[in-house]
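The values are calculated or read from the model by the stated rules, or taken from the named source; none is laboratory data. Quantities reported herein were computed from a predicted structural model and do not represent experimental measurements. Glycine also receives a Cβ, built like all others from the backbone with ideal geometry; neighbour counts cover every protein chain displayed. What goes into the accessible areas is simple: the full protein's heavy atoms, side chains included, and nothing from ligands, DNA or RNA. Shrake-Rupley method; radii C 1.70, N 1.55, O 1.52, S 1.80 Å.
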Amino acid sequence: MIEVHENLFVGNESDCADRLNGFAVVHACKHPCHARAVGYQGNLASTHPHYLFYSKDNNLYLNMIDPPKPLFKIELFHKYMEFVNMKWDDGKNILIHCNQGESRAPSLALLFLAKSLRAISNASYAEARQDFTTFYPAYYPGKGIQIFLEQNWDSIV
């Protein structure tokens, strides 16, 4: 787990915990976290009420994979921003984790830093990424999330 900004942490699957004291946790991975929290194996029907996300207490579970083509839904990012802003305002430490801590979780942290905290550039994904990698050099976004963020940067609030 690496602190990328005061009270904002990025981690991998080994940092995953549903009950970190004083933390709100964003689980940015379909397996094992979203599947375990919602209670399914394999795939979940897209009509399921928790298909994209499931929120419980201080945890947000995202049905998020890291494909080479952007398959993301903008609603997932809006829910993420809503959740993190609310928990930030409540004074929580925030941990965002994915399986490896290289693509999804740091991309979400980058979004929060740019769009909400304005701690890095908000002008474009490219500028935000350049700023972000100065203090999180392990950022290695997948092609799908790169394309999605480039194409949807102005739509994510």
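Values as computed for the structure displayed
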quantity	calculated
Condition check for N152: polar (S, T, N, Q), open to solvent by 10 Å² or more (accessible area, probe 1.4 Å), in contact (Cβ under 8 Å) with a residue 24 or more places away in the chain and touching a Phe, Trp or Tyr at 6+ places or on another chain (Cβ under 6 Å)	no
E6 being free of Cβ contacts under 8 Å to residues at least 40 places away in the same chain and not aromatic (F, W, Y)	yes
Every residue from the range 42-64 that is small (G, A, S) and without any contact (Cβ under 8 Å) to a residue 24 or more places away in the chain	G42, A45, S46
Subset of the range 23-69 [open to solvent by 60 Å² or more (accessible area, probe 1.4 Å), part of a helix (DSSP H, G or I) and not charged (D, E, K, R)]	H31
Hits in the range 38-60 (condition: over 21 Å from V25 (Cα atoms) and small (G, A, S))	G42, A45, S46
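Each row is one residue, and each column tells you yes or no for (1) within 14 Å of F9 (Cβ to Cβ); (2) surrounded by 14 or more Cβ atoms within 10 Å (Cβ to Cβ); (3) not charged (D, E, K, R).
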position: Y80; (1), (2), (3): no, yes, yes
position: D89; (1), (2), (3): no, no, no
position: L95; (1), (2), (3): yes, yes, yes
position: A105; (1), (2), (3): yes, yes, yes
position: A126; (1), (2), (3): no, no, yes
position: P141; (1), (2), (3): no, yes, yes
